[in-house]
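Enquirer: Below is the structure I would like to discuss, written out as C-alpha cells.
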Amino acid sequence: MSANENLAGLSAAGVSVWLDDISRERLETGNLKDLIAGSSVAGVTSNPSIFAAALAKGSGYDEQIADLAVRKVSVDEAARAITTFDIRWAADVLAPVFATTGGQDGRVSIEVDPRLAHETQATIAEAKALWWAVDRPNTMIKIPATRAGLPAITATIAAGISVNVTLIFSLERYREVMDAYMAGLESAKAAGHDLSQIRSVASFFVSRVDSEIDKRLDGVGTDEALALKGKAAIANARLAYQEFENAFASPRWEALAAAGAVPQRPLWASTSVKSPDYRDVMYVEDLIAPGTVNTMPEGTMKDFADHGEVEADTVRPFYAEAAALMLDLERVGIDYADVVQVLEDEGVEKFIVSWKQLLDQIESKLSESGE
C-alpha cells in the first residue's frame with residue numbers, strides 16, 4: 001500500500017501522525033497495520049470515551065468477556081483486562097515503528113482511571129500498575145494535567161515510566177507540566193535510570209477551546225467579538241509551542257539533555273473540527289511545526305489525506321499574531337483563566353462519565369455471559 005501524499009508530507013514536516021482511536025475490530029482486521037502503511041500512522045492514543053465506543057459495537061470482545069465471566073472477576077478488573085489487551089496488541093503492531101524511530105514514535109497511550117484525576121497517590125499507583133500490566137516499552141501512561149496530576153507526572157517519570165500528559169488547556173498549566181517532566185527526569189537520573197528510554201508527550205487540547213470561547217463570543221454579540229470566533233484555539237496552541245521552545249532551550253534542560261534526556265513533545269489533541277463553519281482540517285494545517293504530534297480521529301485523517309495542505313511551518317511565524325489575538329479576546333470580555341478551568345473540569349467529568357459507561361457495558365456483558 002503506497003502512503004498518502006498529504007499525510008506523508010505532514011510527517012516530513014516534523015509532525016508525527018497518531019490515530020486517536022483503538023478497537024479490537026481494528027486490531028483483528030489488520031486495519032491499524034494498514035493505516036501505518038498507507039496513512040503514515042506512527043502512534044495510537046486511547047481514552048475512556050474511545051473504549052466505551054469500541055465495546056458498544058461488534059462482537060470482538062465477546063470471547064474475552066465470556067472468559068472473564070467464568071473467572072467471576074470484578075467489573076473494574078475486567079475493564080483493565082479488556083483495555084490492556086487492546087493496548088498490548090496495538091503496541092506489538094507498532095513495534096516496528098518504535099524500532100525504526102529509535103523510540104520516538106510507535107507509541108500507544110492508555111489512561112489512568114479518570115476517577116482518580118484529583119488523587120495524586122492513587123494516580124501514581126495506577127500508572128505503575130498499568131505499566132506493569134501492558135509490559136511493552138512503547139506504551140505511554142496518560143495522566144491528566146490536573147493540580148493533583150502534576151506531582152503524579154513527576155513521580156511516574158521518576159520511576160522510569162513514559163507518560164502522555166493529557167487534558168492541557170492553559171499556557172500556565174502547560175509550563176507546570178514541562179516543569180513536572182523535568183523534575184521527574186532529574187529524580188530518574190538520580191535513581192540511575194537511562195533517561196534516553198523515558199519519553200513523554202504533552203497533549204494540548206485544541207478544538208474544545210474554540211467551542212467554549214465561541215459560545216462566550218456569541219454571548220457578547222458585538223461585531224468585534226464575533227470577528228474573533230474560530231481563532232482562539234490555534235492562537236493558544238501556537239503560544240504553547242513558543243513555551244515549549246523556551247523551556248527546552250533553558251540551562252536546566254541542557255543539563256538533562258547532556259545526560260541523554262529527550263524533549264517532551266507537544267501533542268495536538270482534540271483536532272476534529274466541532275463547527276461546520278470552519279475548514280475541517282484547520283487544526284492540522286495551522287499547527288504544523290517540527291517535533292510535534294497530531295493525534296486525529298480517522299475522519300479527520302481521511303479529510304487531511306483528501307484535501308489537506310502542508311506548509312513547512314504554520315506555527316512559529318505567528319507568535320506575535322497569536323499573542324495579539326489573546327489580548328483582543330481579553331478586551332471583548334473573555335476570561336481566559338475561567339475558560340481553561342471550565343474546560344479542565346469538563347474534560348475530567350466527560351472521561352469519568354465515559355469510564356462509567358464502559359463499566360456499565362462490561363457489567364451487563366459479564367451478566368449475559370454468566371447466565
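Enquirer: Connecting C-alpha atoms closer than 10 Å in a GNM of the chain, tell me which of Tyr336, Tyr241, Tyr174 has the biggest fluctuation.
Expert: Tyr336
Enquirer: Select one label from (i) 70, 56, 33; (ii) 62, 48, 45; (iii) 71, 55, 42: the one whose number is Cα extents along the principal axes in Å as derived from the coordinates shown.
Expert: Computed from these coordinates, Cα extents along the principal axes in Å corresponds to label (ii).
Enquirer: In whole angstrom, how far apart do the alpha carbon centroids of the stretch 245-316 and the stretch 18-60 sit?
Expert: Centre-to-centre (Cα) distance: 20 Å.
Enquirer: Check Asn164: other-chain or 5+ apart residues with amide H under 5 Å from its amide H, H built from backbone geometry?
Expert: For Asn164, the qualifying residues are Ile141, Lys142, Ile143, Val201.
Enquirer: Grab the beta carbon distance between Gln341 and Thr222, set R0 = 30 Å, and tell me the FRET efficiency rounded to 0.05.
Expert: Approximately 0.75, to the nearest 0.05.
Enquirer: Going through the stretch 1-83, which trypsin sites (Lys or Arg not before Pro) have at most 11 other Cβ atoms within 10 Å and a DSSP loop state?
Expert: Here the trypsin sites (Lys or Arg not before Pro) that fit, given the DSSP loop and packing criteria, are Lys57, Arg71, Lys72.
Enquirer: Moving on to the next point. If you bin every alpha carbon distance in the stretch 161-214 into 5 Å steps from zero, what whole percent lands in each bin?
Expert: Going out from 0 Å in 5 Å bins, the stretch 161-214 shows 5, 17, 26, 18, 14, 9, 5, 4, 2, 0 percent.
Enquirer: Here's something else I'd like to know. Pop out the ³J(HN,Hα) list for the stretch 186-201 in order, Karplus 6.51 cos²θ - 1.76 cosθ + 1.60 with θ = phi - 60°, rounded to Hz; leave Gly and Pro as x.
Expert: 4, 5, 5, 4, 4, 7, x, 6, 7, 5, 5, 8, 9, 10, 8, 10
Enquirer: Per DSSP helix of 4 or more residues, -39500 (n - 2.57); summed, then divided by the residues of the chain. What does that give at 222 nm, rounded to the nearest 500?
Expert: Rounded to the nearest 500, the figure is -18000 deg cm²/dmol.
Enquirer: With 24 Å as the limit, write out which pairs from Lys33/Lys302; Lys57/Lys302; Lys33/Lys356; Lys33/Lys128; Lys142/Lys350; Lys215/Lys356 have Cα-Cα distances beyond it, or answer none.
Expert: Lys33/Lys356; Lys33/Lys128; Lys215/Lys356
Enquirer: Additional query: Under 5 Å between amide hydrogens, which residues at least 5 positions from Val41 or on another chain qualify, with H placed 1.01 Å from N in the peptide plane?
Expert: Long-range HN contacts for Val41: Ile36.
Enquirer: So what is the relative contact order for the stretch 101-201, in percent, with contacts set as C-alpha pairs under 8 Å and at least six apart?
Expert: So the answer I get is 26 percent.
Enquirer: Here is a further query. Hey, rough spin-label estimate for Gln242 and Glu330, points 7 angstrom out along Cα→Cβ, what's it come to in nanometres?
Expert: 1.2
Enquirer: Can you tell me the relative contact order of the stretch 215-308? Whole percent, Cα pairs under 8 Å, sequence separation 6 or more.
Expert: Rounded, it is 24 percent for the stretch 215-308.
Enquirer: Let me ask something additional. Could you work out the relative contact order of the chain, using alpha carbon pairs under 8 angstrom and six or more residues apart, expressed as a whole percent?
Expert: This gives 22 percent for the chain.
Enquirer: Based on alpha-carbon atoms only, what is the radius of gyration of the stretch 281-334 relative to the globular estimate 2.2 N^0.38 Å?
Expert: For the stretch 281-334, the normalised Cα radius of gyration is 1.39.
A short reminder: the numbers here are calculations on the coordinates, not readings from a lab. Please read these numbers as outputs of a predicted model, since none were measured by experiment. FYI the Cβ positions are ideal-geometry reconstructions off the backbone, even for glycines, and counts take in every protein chain you see.
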